[in-house]
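Q: If you scroll down you'll find the structure; I have some questions about it.
The values are calculated or read from the model by the stated rules, or taken from the named source; none is laboratory data. Keep in mind it's a predicted model, so treat the numbers as computed, not measured. Positions of Cβ are generated from backbone atoms using ideal geometry, with glycine treated the same way; all protein chains shown enter the neighbour counts. The protein model used for the area step is the full one, side chains on, heavy atoms only, and it has no ligands, DNA or RNA in it. Shrake-Rupley method; radii C 1.70, N 1.55, O 1.52, S 1.80 Å.
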Amino acid sequence: MGLLNVIRRMALREKLPIREIARRTGLSRNTIRKYLKAGTIEPRFSVPERPSKLDPFADKLAAWLKTETSKSRKQRRPLTQLHADLVALGFTGSYNRVAAFAREWRAERQREQQITGRGTFVPLTFRPGEAFQFDWSEDYAVIGGERTKLQVAHIKLAHS
């Protein structure tokens with residue numbers, strides 16, 4: 001729910017004073033008055049596009065991350081070592097920026113694998129009564145105060 005909707009609900013439905021709304025939202029009273037007087041415009045806070053200190057090293061770091069994923073877990077270099085290697089190349093940024101880049105890179109790679117690695121799906125269709133799935137399981141139940149082991153058969157018709 002948008003911030004403007006929250007402010008309006010507090011003011012119009014809950015009949016809270018502006019001071020209480022300011023206390024709950026952390027906004028100034030003037031800002032809340034402005035939002036209540038405004039029409040249906042949702043406030044937008046634009047974040048300017050800023051170059052990162054990591055931008056000149058992004059390709060190098062992405063290549064390192066790609067080679068590290070092909071290695072076994074015990075042979076991989078940790079992100080602290082990758083940060084130290086970048087510092088040796090002239091990177092002046094923090095470890096947190098490198099870690100954030102690695103998180104984003106891994107999430108993007110995972111999304112790509114989910115999309116491209118699915119393959120082709122051929123749905124199976126069956127006529128009523130043509131096929132079913134069958135499985136056994138064991139479970140326990142208390143019958144007459146005694147714990148009894150049950151053998152259960154599960155059948156599911158493929159058409160249903």
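Q: Checking the conditions here, which among R77, R13 is farther than 22 Å from A99 by Cβ and out of contact with any Cys (no Cβ under 9 Å at 6 or more places or on another chain)? Break it down stepwise before answering.
A: Numbers: R77 fails: farther than 22 Å from A99 by Cβ.
Exactly one residue qualifies, and that residue is R13.
Q: Suppose we filter L4, L65 for residues that are assigned to a helix (DSSP H, G or I) and modelled with pLDDT under 90; which single one remains?
A: Working: L65 fails: modelled with pLDDT under 90.
Just one listed residue meets the conditions, L4.
Q: Further question on the same structure: For segment 94-107, state whether one or more residues are polar (S, T, N, Q) and in a helix (DSSP H, G or I). If you could, list the steps in order and put the result at the bottom.
A: Taking segment 94-107 first, the residues polar (S, T, N, Q) are 94, 96.
After this cut, where a residue has to be in a helix (DSSP H, G or I) as well, the list is 96.
The answer is yes; a qualifying residue exists.
Q: Conditions: (1) of a type outside the set (V, I, T); (2) more than 30 Å from L79 (Cα to Cα); (3) surrounded by 10 or more Cβ atoms within 10 Å (Cβ to Cβ). R109 meets all but one. Number of the miss?
A: (2)
Q: Restricting to segment 91-104, what's the tally of residues that are among the charged types (D, E, K, R) and surrounded by 12 or more Cβ atoms within 10 Å (Cβ to Cβ)? Break it down stepwise before answering.
A: Kept after step one, since they are among the charged types (D, E, K, R), are these residues of segment 91-104: 97, 103-104.
Of the ones still in play, those that are also surrounded by 12 or more Cβ atoms within 10 Å (Cβ to Cβ) are 97.
Of the residues in that region, 1 qualify.
Q: Only one of these is assigned to a loop (DSSP other than H, G, I, E, B), open to solvent by 100 Å² or more (accessible area, probe 1.4 Å) and either aromatic (F, W, Y) or farther than 26 Å from E104 by Cβ (or both): K53, K15. Name it. Please lay out each step first, then the result.
A: On the way: K53 fails: either aromatic (F, W, Y) or farther than 26 Å from E104 by Cβ (or both).
Among K53, K15, only K15 is assigned to a loop (DSSP other than H, G, I, E, B), open to solvent by 100 Å² or more (accessible area, probe 1.4 Å) and either aromatic (F, W, Y) or farther than 26 Å from E104 by Cβ (or both).
Q: Has segment 70-90 got any residue that is open to solvent by 100 Å² or more (accessible area, probe 1.4 Å), under 30 Å from N5 (Cα atoms) and assigned to a helix (DSSP H, G or I)?
A: Scanning segment 70-90, I find no residue that is open to solvent by 100 Å² or more (accessible area, probe 1.4 Å), under 30 Å from N5 (Cα atoms) and assigned to a helix (DSSP H, G or I), so the answer is no.
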